Every structure is written in C-alpha cells, then in structure tokens.
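Trainee: Submitted below is the structure of interest, expressed as structure tokens.
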Amino acid sequence: MKPLNREKTEALFNKDSVLIAVLDSGLGGLSICAELERALQTRPLFRKVSLFFFNIWPDQERGYNSLDSVTERVRVFDRALAAVHGYSPDVIMIACNTLSVIYERTPFCRHTTLPVVDIVDFGVDLIYDGLTKNPDSQALILGTRTTISENLHQRRLIQKGVAAHRIITQACHGVASEIEKAPQGEAVAGLIGGYMREAASKIKGRGTVLAALCCTHFAYSANIFRDKLQEESTADIELLDPNTQMSDFMFSLEQPVIFPAEDIEVKVISKIVLEQMKIRSISGIISNISEKMADALVNYTYQPDLFEV
C-alpha cells in the first residue's frame with residue numbers, strides 16, 4: 001500500500017462519522033462491501049459509518065472494456081470519480097482491477113486530497129508474498145482484457161524483484177459479465193474452461209501455480225477457476241483472492257479507539273438499470289455474508305445522471 005494513502009486513511013480514525021465509497025464497474029466489489037459491513041458489525045471503528053457502493057458501469061450497453069481506447073476509459077472514469085466526490089466521501093476504495101490499473105492516469109488522481117485505495121496494491125502484495133514463500137512457484141494473473149493489457153501487476157512485481165519468467169498472465173474477457181448472471185452457470189464454466197486451457201499451455205515446470213483472481217467478480221466463481229485450471233494442468237493450484245485483503249484493510253491500520261457500537265448505513269447506487277436476474281444472483285451470494293448489503297442491492301438507487309459518458 002502506498003505510504004501516503006496509509007497515512008491519509010489512518011487520519012480517518014480521528015472522526016466519529018465517516019462515509020466510505022466503494023467503486024466498481026459492475027457488482028463484483030459488492031463482496032468486498034459485504035465483508036466490510038460484517039467486519040464493522042463485530043469490530044466497530046467509528047460511531048457512524050455510511051458505506052456506499054457505486055456501480056459506475058458507464059453505459060447500459062457497454063462497459064469500460066468495450067470503450068474505444070484507454071484514453072476514453074480514463075476520461076469516463078475521471079468523470080465517475082468526480083461524481084462520487086460530490087457525495088463527500090472520507091475515503092474511496094476502488095474495488096475494481098480494470099479501473100485501478102488506469103486510476104493513476106486520471107486528473108482526479110493528480111488533484112485529489114482524499115485517501116484513495118485501489119485493489120491492485122493488495123493483489124500485488126498477495127502474489128509477492130506467495131512467490132517469496134515458495135521459490136518454485138509461478139504466478140498466474142487472471143483478469144479482464146484491460147487489466148491484463150495494462151500489465152500493472154506484472155510491472156510492480158518485477159519492480160519488487162520477481163523474475164519475469166515466474167509471471168504468467170491470462171485475459172478472461174467476458175467472464176465478469178456472465179458471472180453476474182449466474183456465477184455457477186454453464187456459460188461461466190464454458191468460458192473459464194477455455195481460458196484455463198489457454199493459461200495452462202503457458203505454464204512451465206511442475207511448481208505450484210498461484211492463480212490470482214485479479215477481477216473482483218472472479219471470487220464468485222472461484223471454485224470453477226480452480227477446477228478448470230486443475231483439469232488442464234498437473235501443477236498444484238493455489239487460488240489468491242485480493243478481495244479479502246481489501247475488505248480487511250482498515251482493520252490493519254493503527255486505530256486509537258474501538259467503539260462499543262456502530263451505526264452502519266449501507267446504500268447501493270447504480271448508473272445503469274440492474275437486471276433482476278443479476279440482482280437475485282449476487283444478492284443470494286452476499287446475503288450469506290451481509291444481509292444488510294444484500295437488501296441494499298435489492299433496493300438499489302438508480303441514478304442515470306450520476307455522471308456523463
């Protein structure tokens with residue numbers, strides 16, 4: 001985690017009431033919200049928390065990966081960040097690898113004084129720790145087309161001293177959208193199976209493969225990723241999920257006070273209309289973690305004018 005963000009985030013503990021904004025291009029990051037809400041119930045950090053999830057999928061018909069260029073993605077994401085800033089959050093958590101890899105290119109990044117935490121840092125740290133503990137292992141980074149093409153995880157790992165030949169990348173285009181409809185469905189299994197066959201062809205040697213789920217949606221179908229990759233490879237497979245590290249982040253910081261009780265407000269805000277199939281699918285999963293967050297998804301706020309594309 002960048003030191004400046006850690007210092008800024010630790011300053012939150014001087015406040016009784018905070019608004020935490022969690023951003024994703026889709027519903028994958030809701031699992032992080034759900035884990036965070038559950039943790040706050042048992043380990044209160046503030047007297048009052050507003051936990052807002054923003055689905056900043058830009059257009060009803062297409063997402064960030066379908067925009068024409070990286071420049072276009074940066075422009076649209078910057079507008080989304082400005083819109084979220086209008087809610088006066090105390091911290092922004094980018095629970096989306098696709099958006100995290102382009103965040104530093106946005107004008108918002110250069111000018112904001114808010115603490116902004118992105119999920120790439122957690123993924124890189126998780127992968128690095130695994131590779132360090134097991135010298136014979138390889139990392140397989142699984143993500144969206146934008147996440148893989150931007151190559152940010154790989155570059156940061158190499159900067160930490162990881163040899164490039166120990167890092168494999170695999171784009172899994174279209175999987176996130178299908179996961180929202182039916183995380184355990186045949187369409188998801190078929191897509192993942194094809195991508196894991198392609199990924200397995202890149203694996204050299206028999207050391208453990210650390211398969212990093214570098215898309216927040218992928219955790220909903222983690223078992224399928226593991227099973228399909230194991231079918232295609234003789235290596236031992238270990239899944240790495242950065243989602244949990246992100247939801248635990250605030251509890252790893254220095255806290256001057258742990259409050260005996262906490263008032264937690266949750267809200268889900270979406271720029272696009274959410275299909276009922278997706279609402280049922282994702283709420284059914286996260287209700288096992290946080291019923292409050294599942295209810296917020298079912299009763300989400302539709303805000304088409306959240307930002308302009």
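Trainee: Step by step: first the residues of segment 281-305, then only those that are in a loop (DSSP other than H, G, I, E, B) and of a type in the set (S, T, N, Q), then the one that is least open to solvent (accessible area, probe 1.4 Å). Which residue is that? Let's see the steps before the verdict.
Mentor: If we filter segment 281-305 for residues that are in a loop (DSSP other than H, G, I, E, B), which is where we start, we get 287-290, 299-300, 303-305.
Next, from what is left, pick out any that are of a type in the set (S, T, N, Q): 287-288, 290, 299, 303.
Details: Ser287: 43, Asn288: 125, Ser290: 3, Asn299: 116, Gln303: 48 Å².
Among those that are in a loop (DSSP other than H, G, I, E, B) and of a type in the set (S, T, N, Q), it is Ser290.
Trainee: For segment 54-71, indicate whether the set of residues that are farther than 29 Å from Gly284 by Cα and in a helix (DSSP H, G or I) is non-empty.
Mentor: Yes, segment 54-71 has at least one match.
Trainee: Also: If I ask for residues that are out of contact with any helix residue (DSSP H, G or I) (no Cβ under 9 Å at 6 or more places or on another chain) and open to solvent by less than 50 Å² (accessible area, probe 1.4 Å), which ones from segment 271-280 would you list?
Mentor: Taking segment 271-280 first, the residues out of contact with any helix residue (DSSP H, G or I) (no Cβ under 9 Å at 6 or more places or on another chain) are 272-273, 276.
Passing the criteria: only Ile272.
Trainee: Now for a different question. Any chance you could count how many residues in segment 16-34 are part of a loop (DSSP other than H, G, I, E, B) and either touching a strand residue (DSSP E or B) at 6+ places or on another chain (Cβ under 9 Å) or of a type in the set (Phe, Trp, Tyr) (or both)?
Mentor: Of the residues in segment 16-34, the ones part of a loop (DSSP other than H, G, I, E, B) are 16, 25-29.
So of that shortlist, the ones also either touching a strand residue (DSSP E or B) at 6+ places or on another chain (Cβ under 9 Å) or of a type in the set (Phe, Trp, Tyr) (or both) come out as 16, 25-27, 29.
Adding up the residues that qualify gives 5.
Trainee: Follow-up. Which condition from (1) farther than 16 Å from Lys267 by Cα; (2) assigned to a helix (DSSP H, G or I); (3) open to solvent by less than 10 Å² (accessible area, probe 1.4 Å) is the one that Asp78 breaks?
Mentor: The number of the failed condition is (3).
Trainee: State all residues of segment 132-166 that are without any contact (Cβ under 8 Å) to a residue 12 or more places away in the chain and surrounded by 22 or more Cβ atoms within 10 Å (Cβ to Cβ); if no residue qualifies, say none.
Mentor: none
Here is a yes/no grid of residues against (1) under 30 Å from Lys160 (Cα atoms); (2) of a type in the set (D, E, K, R):
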{"position": "Asp16", "(1), (2)": "no, yes"}
{"position": "Leu27", "(1), (2)": "no, no"}
{"position": "Asn55", "(1), (2)": "no, no"}
{"position": "Ala80", "(1), (2)": "no, no"}
{"position": "Ser100", "(1), (2)": "yes, no"}
{"position": "Thr106", "(1), (2)": "yes, no"}
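Trainee: To continue, here is another question. Kindly check whether there is at least one residue in segment 227-250 that is touching a Pro at 6+ places or on another chain (Cβ under 6 Å), farther than 24 Å from Gly185 by Cα and open to solvent by less than 60 Å² (accessible area, probe 1.4 Å).
Mentor: Step one: list which residues in segment 227-250 are touching a Pro at 6+ places or on another chain (Cβ under 6 Å), which gives none.
The answer is no; no qualifying residue exists.
Trainee: Being under 18 Å from Glu198 (Cβ atoms) and under 16 Å from the mean Cα position of the chain (by Cα) narrows it down to one residue among Ile141, Ile168, Ile92; which is it?
Mentor: On the way: Ile168 fails: under 16 Å from the mean Cα position of the chain (by Cα); Ile92 fails: under 18 Å from Glu198 (Cβ atoms).
Only one candidate passes the filter, namely Ile141.
Trainee: Shifting gears a bit: Do we find a residue being open to solvent by 20 Å² or more (accessible area, probe 1.4 Å), touching a residue at least 24 places away in the same chain (Cβ under 8 Å) and over 22 Å from the mean Cα position of the chain (by Cα) anywhere in segment 179-199?
Mentor: Checked against the condition, which is being open to solvent by 20 Å² or more (accessible area, probe 1.4 Å), touching a residue at least 24 places away in the same chain (Cβ under 8 Å) and over 22 Å from the mean Cα position of the chain (by Cα), segment 179-199 yields at least one hit.
Trainee: Among the numbered conditions (1) surrounded by fewer than 19 Cβ atoms within 10 Å (Cβ to Cβ); (2) out of contact with any helix residue (DSSP H, G or I) (no Cβ under 7 Å at 6 or more places or on another chain); (3) of a type in the set (A, V, I, L, M), tell me where Leu40 comes up short.
Mentor: With respect to (1) surrounded by fewer than 19 Cβ atoms within 10 Å (Cβ to Cβ); (2) out of contact with any helix residue (DSSP H, G or I) (no Cβ under 7 Å at 6 or more places or on another chain); (3) of a type in the set (A, V, I, L, M), Leu40 is out only on (1).
Trainee: Against the conditions (1) under 22 Å from the mean Cα position of the chain (by Cα); (2) open to solvent by 50 Å² or more (accessible area, probe 1.4 Å); (3) more than 25 Å from Ile286 (Cα to Cα); (4) not aromatic (Phe, Trp, Tyr), where does His173 fall short? Just the number, please.
Mentor: So the condition that His173 fails would be (3).
Trainee: So, of the residues in segment 81-114 that are farther than 24 Å from Gln245 by Cα, touching a residue at least 40 places away in the same chain (Cβ under 8 Å) and part of a helix (DSSP H, G or I), which turns out to be most open to solvent (accessible area, probe 1.4 Å)?
Mentor: Here the residue is Ala82.
Trainee: What number of residues in segment 88-117 are over 18 Å from Asn151 (Cα atoms) and of a type outside the set (D, E, K, R)?
Mentor: Our first condition is that a residue be over 18 Å from Asn151 (Cα atoms); within segment 88-117, this holds for 88-93, 107-117.
Then drop every residue that is not of a type outside the set (D, E, K, R), which leaves 88-89, 91-93, 107-109, 111-117.
The number of residues fulfilling the criteria is 15.
Trainee: From Asp129, Asp125, grab the single residue that is in contact (Cβ under 8 Å) with a residue 12 or more places away in the chain and in a helix (DSSP H, G or I).
Mentor: Details: Asp129 fails: in contact (Cβ under 8 Å) with a residue 12 or more places away in the chain.
Matching residue, one of Asp129, Asp125: Asp125.
Trainee: Working only within segment 49-70, note down all residues that are surrounded by 15 or more Cβ atoms within 10 Å (Cβ to Cβ) and at pLDDT 90 or above.
Mentor: Across segment 49-70, the qualifying residues are Val49, Ser50, Leu51, Phe52, Phe53, Phe54, Asn55, Ile56, Trp57, Pro58, Val70.
Trainee: Evaluate segment 1-15: report whether one residue or more is open to solvent by less than 10 Å² (accessible area, probe 1.4 Å) and at pLDDT 85 or above. Talk me through it step by step, then tell me what you get.
Mentor: Residues of segment 1-15 that are open to solvent by less than 10 Å² (accessible area, probe 1.4 Å), as a first pass: 9, 12.
Now drop any that are not at pLDDT 85 or above, which leaves none.
Taking every residue of segment 1-15 in turn, none turns out to be open to solvent by less than 10 Å² (accessible area, probe 1.4 Å) and at pLDDT 85 or above.
Trainee: Of all residues in segment 131-158, how many are under 10 Å from Asn97 (Cα atoms) and among the polar types (S, T, N, Q)?
Mentor: Of the residues in that region, 3 qualify.
The values are calculated or read from the model by the stated rules, or taken from the named source; none is laboratory data. None of the values given here were measured: they were computed from a predicted structure. Glycine also receives a Cβ, built like all others from the backbone with ideal geometry; neighbour counts cover every protein chain displayed. These area figures cover heavy atoms from the full protein model, side chains too; ligands, DNA and RNA do not enter into them. Shrake-Rupley method; radii C 1.70, N 1.55, O 1.52, S 1.80 Å.
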